[in-house]
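Data first, discussion second: the structure below is written as structure tokens.
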Amino acid sequence: MTTTAHSSSPVLCTVKDAVVLLRLGRSTIYELMASGELPFIKLGRARRIKRADIDAFVDQLQPQSI
């Protein structure tokens, strides 16, 4: 089985993990999830984000010209 995430990285990340990985605020992560820009899985009351979806989100970001 091939995976894009490093073996030490979790496959499913918490919102707190996403905050650390993306260096964004908690509210921003929830806004991205609500808008559909950052897909997530809901397990009971818990929300988890696939590490692959975090990586895909970063890959689609466009650099801003100054």
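The values are calculated or read from the model by the stated rules, or taken from the named source; none is laboratory data. Keep in mind it's a predicted model, so treat the numbers as computed, not measured. Here Cβ is always computed from backbone atoms with ideal geometry, including for glycine, and neighbour counts include all displayed protein chains. These accessible areas exclude ligands, DNA and RNA; they are computed on the full protein's heavy atoms, side chains included. Shrake-Rupley method; radii C 1.70, N 1.55, O 1.52, S 1.80 Å.
Data for the structure
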| read-out | value |
| --- | --- |
| Of all residues making up segment 45-66, the number that are surrounded by 10 or more Cβ atoms within 10 Å (Cβ to Cβ) and polar (S, T, N, Q) | 0 |
| Residue check, ALA34 modelled with pLDDT of 95 or more and more than 9 Å from the chain's Cα centre (by Cα) | yes |
| Candidate set: segment 13-32, residues that are more than 15 Å from ALA52 (Cβ to Cβ) and of a type in the set (A, V, I, L, M); chosen: the one surrounded by the fewest Cβ atoms within 10 Å (Cβ to Cβ) | VAL20 |
| Contacts under 8 angstrom Cβ, first residue in segment 40-66 being touching a residue at least 40 places away in the same chain (Cβ under 8 Å) and β-branched (Val, Ile, Thr), partner open to solvent by less than 100 Å² (accessible area, probe 1.4 Å) and assigned to a helix (DSSP H, G or I), 6 or more apart | ILE54/ALA18; ILE54/LEU21; ILE54/LEU22 |
